[in-house]
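To keep things clear, I will list the structure first and then write my remarks on it.
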Amino acid sequence: VCTSHDAGPLVAVLASGRGSNFESLARAFDDGEIPGRIVCLVTDRAEAGARLVAERHGIPSYVLPWEGRRAFEAELLALLRRLEVEYVLLAGFMRLLGPTVVDAFEGRILNIHPSLLPAFPGLEPQARALAAGATESGCTVHFVDRGMDTGPIVAQRRVPVLPGDTVETLAARILAEEHRCYPEAVRLVLSGRVRLRGETVWCGPDGFEVRA
Ligand code: GRF
């Protein structure tokens, strides 16, 4: 990506909920582990805990209530353009983005999902992994395409499913890995070491290692 910003790309985070992944990202940016700057949080829910995270990190938050996809996406795109946003990070954003946004930011939107995709896309993946008797699960960071949790994968981290696990214990074990995996994957993409070419995730000449 060609950028006029010396400090690296300008980034928007989209979140609907408590914002623990947003927190791990904001810390990694603050610590200089990821090049660039988070210039806004966008949420569809005024009561989202993510807004408190934004406040703590001095990041402006914008509430765009969901009144249908078309209106939401028009407002979102206008905001992202106004702020000169180059990358969009979905961190527990509970809406499916349509082609107007996905195509405008092709190869520049990332999402994190609490399963080893392509297993268990969509809602309640931890409960479905348990119900299916999976012996392991984990998290996946992927580029966003037009589908639901279907885009090309950048990084995954695994966890075991243990005897006696409940949805809560499994979700917590996965979440701890999410907080490591997402900043690492974002660092690889925003530093240009990993990028999307067509439908392929391409690694720069240095190569890279993501420990499973
Ligand atoms: C995470 O499990 C994330 O993978 C999923 O939604 C959850 C958001 O949690 N997409 P938080 O708001 O980041 O704490």
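The values are calculated or read from the model by the stated rules, or taken from the named source; none is laboratory data. The shown structure was predicted, so the numbers you read here are calculated from the model rather than taken from an experiment. FYI the Cβ positions are ideal-geometry reconstructions off the backbone, even for glycines, and counts take in every protein chain you see. Just the protein is used for accessible areas: all its heavy atoms, side chains included, with ligands, DNA and RNA removed. Shrake-Rupley method; radii C 1.70, N 1.55, O 1.52, S 1.80 Å.
A few remarks follow.
- In segment 172-195, the residues that are open to solvent by less than 40 Å² (accessible area, probe 1.4 Å) and either within 10 Å of Pro152 (Cβ to Cβ) or assigned to a strand (DSSP E or B) (or both): Val194
- The set of residues in segment 40-73 being of a type in the set (D, E, K, R) and exposed (fewer than 12 other Cβ atoms within 10 Å of the Cβ) consists of Glu47, Arg56, Glu67, Arg70.
Quick grid of which residues meet (1) more than 22 Å from Glu184 (Cα to Cα); (2) away from the ligand (no atom under 11 Å from the Cβ); (3) surrounded by 14 or more Cβ atoms within 10 Å (Cβ to Cβ):
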| site | (1), (2), (3) |
| --- | --- |
| Ala15 | no, no, yes |
| Ala28 | no, yes, yes |
| Arg37 | no, yes, yes |
| Leu79 | yes, yes, yes |
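- Within segment 10-22, residues that are touching a residue at least 24 places away in the same chain (Cβ under 8 Å) reach partners that are among the aromatic types (Phe, Trp, Tyr) with beta carbons closer than 7 Å, at six or more positions or on different chains, in the pairs Val11/Tyr87; Val13/Phe22; Leu14/Phe93; Ala15/Phe22; Ala15/Phe93; Ser16/Phe93; Asn21/Tyr182.
- Selection status of Leu89, within 16 Å of the ligand (Cβ to nearest atom), in a loop (DSSP other than H, G, I, E, B) and not charged (D, E, K, R): no
- Filtered by the rule that a residue be part of a helix (DSSP H, G or I) and either more than 15 Å from the ligand (Cβ to nearest atom) or under 21 Å from Val42 (Cα atoms) (or both), segment 98-129 gives Pro99, Thr100, Val101, Val102, Asp103, Ala104.
- Subset of segment 134-167 (residues that are open to solvent by less than 50 Å² (accessible area, probe 1.4 Å) and at positive phi): Gly138, Asp149
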